[in-house]
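The values are calculated or read from the model by the stated rules, or taken from the named source; none is laboratory data. Values in this document were obtained by computation on a predicted structure and should not be read as measured data. Methodologically, a virtual Cβ is constructed for each residue, glycine included, from the backbone with ideal geometry; neighbour enumeration extends over all protein chains shown. Areas reflect the complete protein model, heavy atoms only, side chains present, ligands, DNA and RNA absent. Shrake-Rupley method; radii C 1.70, N 1.55, O 1.52, S 1.80 Å.
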Amino acid sequence: MTITQQIITIAMCTLGTMATRFLPFMIFNEKRTTPKYITYLGKVLPGAIFSMLIVYCLKNVNVTSYSYGLPELIAIIVTVLLHKWKKQMLVSIAGGTICYMLLVQLVFR
């Protein structure tokens, strides 16, 4: 890429990111009430997305060969327990990820 193409690419990425961040606040401002379907989506989509992520992460787990899915199961349990205890999503995700990586790298080789 030439320097001009790099500048244009960075500018377009910046513009796209800013548009997706600011546009909802401009459309659904304090002066207008938020439509009911947007409020509904805001309540149900996080759970649906997390469910899809769990299915995606576990789709290639083989419970019939060595490790038998134990690192994944233990990491999920750690994640759930951390979330119930701290109620901090980033702590839960980081704790579960660190637990999984330690198990895979050090315990279930």
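So is I8 free of Cβ contacts under 8 Å to residues at least 60 places away in the same chain and open to solvent by 90 Å² or more (accessible area, probe 1.4 Å) or not? Walk me through how you get there before you give the answer.
Working: free of Cβ contacts under 8 Å to residues at least 60 places away in the same chain: yes; open to solvent by 90 Å² or more (accessible area, probe 1.4 Å): yes.
When the stated conditions are applied, I8 passes them.
Within region 11-30, being closer than 19 Å to G42 by Cα, open to solvent by 100 Å² or more (accessible area, probe 1.4 Å) and either modelled with pLDDT of 95 or more or part of a helix (DSSP H, G or I) (or both) holds for R21, F22, F25, M26.
Each residue in region 34-49 was checked for being surrounded by 11 or more Cβ atoms within 10 Å (Cβ to Cβ) and of a type in the set (F, W, Y), and 0 of them qualify. Cβ separations smaller than 8 Å between residues 6+ apart or across chains give the following pairs from region 61-80 residues that are closer than 23 Å to S92 by Cα to residues that are charged (D, E, K, R): V61/E72.
Could you list, in sequence order, the residues of region 85-109 that are open to solvent by 80 Å² or more (accessible area, probe 1.4 Å), assigned to a loop (DSSP other than H, G, I, E, B) and not basic (K, R)? The one that is open to solvent by 80 Å² or more (accessible area, probe 1.4 Å), assigned to a loop (DSSP other than H, G, I, E, B) and not basic (K, R): Q88.
Report whether or not G42 is free of Cβ contacts under 8 Å to residues at least 60 places away in the same chain and within 15 Å of the chain's Cα centre (by Cα).
So G42 does not fit the description; no.
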